[in-house]
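The block underneath contains the structure these notes are about, expressed in C-alpha cells.
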Amino acid sequence: MTRSIDARGLACPQPVILTKKAIEEGEMAVEVWVDNDAARENITRLGEKLGYQVAADASGSEFKILLTKRGESAKTKAKTRQATVIFVGSDTVGRGSDELGTVLVKSFFYTLTESEDRPQKIVFMNSGVKLAVEGSPVLESLQKLSSSGTELLLCGTCLDFFQLKEKVVVGNISNMYNILESFMGAEKVVTV
C-alpha cells in the first residue's frame, strides 16, 4: 500500500522530514504532494539517496512525487558514513579584514581543487552562499570541485534571504534537514 503525504504549504524542511519518517517506518511506497520546486528537488534527492525509485509529476504549480523502494535497505544506506564535509558560513575567511578574507577564500578553494584529498560535500550557509552565485571570485574552483564529484549544498533559506536563488551558478539548493544529515553522517566536518 502507498502512504500519501500532503506537504503542500509546509516550510522547509518539513516536507523532507515527513517523507523521511514514512520511509523509516518501512513504507514500500510513499506519495508526497508539494507545491514548490525546492521541496520537489529535496524529496527527490532524499529518495534517490535512500535507494528509492523516484517519479515526479507536475499538475499546475503542484507536484506529486512517488518514491518506491528498491534494492538495498533504505535504513542501511542512510547509515553509511561519509568522509569529510566542509562548512562555509561566510563569503570571506576569518575576521578583521574583508579584503584579506576574500583573498584567503580564493586561495582556499583554489588549493582545494589542487588537492588529491577532496571533501565529499561542501555546505554553504549564511553569506557563504554568495560564493556559488554569479560574480563570485571562486566560481571556477567550485565548478571544478563539483565536476570532480564534490557535492555542493546551498542553504535555500540563505539564498532567499539574500535574494540570490535566481543567480546560483553551481551547487544544489538544499534544506536544513539535508544539511544537518550531512554533518551528522560525516566522519569529519571542517569549518572555513
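Bear in mind these aren't lab numbers, they're just calculated from the coordinates by the rules spelled out. Please read these numbers as outputs of a predicted model, since none were measured by experiment. Please note: Cβ atoms are built from the backbone with ideal geometry, for glycine as well, and neighbour counts cover all protein chains shown.
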*Inter-probe distance in nm under a simple model that places probes 7 Å from Cα toward Cβ, at Glu134 and Met28*: 4.9
_Neighbour-count ranking [beta-carbon atoms within 10 angstrom, fewest first] of Lys21, Lys121, Lys188_ = Lys188, Lys21, Lys121
*In what sequence do Arg40, Arg95 fall when counting other Cβ within 10 Å, fewest first?*
Arg95, Arg40
*Based on the alpha carbon coordinates of the stretch 93-158, what radius of gyration and maximum Cα-Cα distance (Dmax) apply, in Å?*
11.7, 33
*How many percent of DSSP beta bridges within the stretch 82-191 run antiparallel, rounded to 5?*
5
*Charged-residue dipole, Cβ positions (Lys, Arg, Asp, Glu), the chain about Cα centre, Debye nearest 20*: 500
_For the chain, cysteines whose Cβ has no other cysteine Cβ within reach (under 4.7 Å)_ = Cys12
*Tell me which aspartates and glutamates have Cα within less than 19 Å of Lys167's Cα, excluding those fewer than 8 residues away on the same chain?*
Asp37, Glu41, Asp91, Glu134, Glu140, Glu151
*What's the percent breakdown of Cα-Cα distances in the stretch 2-78 across 5 Å bins, shortest bin first?*
3, 18, 33, 26, 13, 5, 1, 0
*Using a basic spin-label model with each label point 7 Å from the Cα along Cα→Cβ, how many nm lie between Met176 and Phe162?*
1.9
_Quick check on the chain: of the DSSP beta bridges with both residues there, what percent are antiparallel, nearest 5%?_
40
*Given 10 Å bins starting at zero, what is the percent of C-alpha pairs of the chain in each, up to the one with the largest pair distance?*
9, 34, 33, 18, 6, 0
_With the cut-off at 1.5 for a/c, could you classify the stretch 82-191 from its C-alpha gyration tensor as rounded, prolate or oblate?_
rounded
*Enter the Cα centre distance for the pair the stretch 168-183 and the stretch 38-60, rounded to the nearest angstrom.*
15
*Which whole-number percent gives the relative contact order of the stretch 82-191, counting Cα pairs below 8 Å spaced six or more residues apart?*
34
*Given charges of +1 on the Cβ of Lys and Arg and -1 on the Cβ of Asp and Glu, with all other atoms neutral, how large is the dipole of the stretch 2-78 about its Cα centre, in debye to the nearest 20?*
300
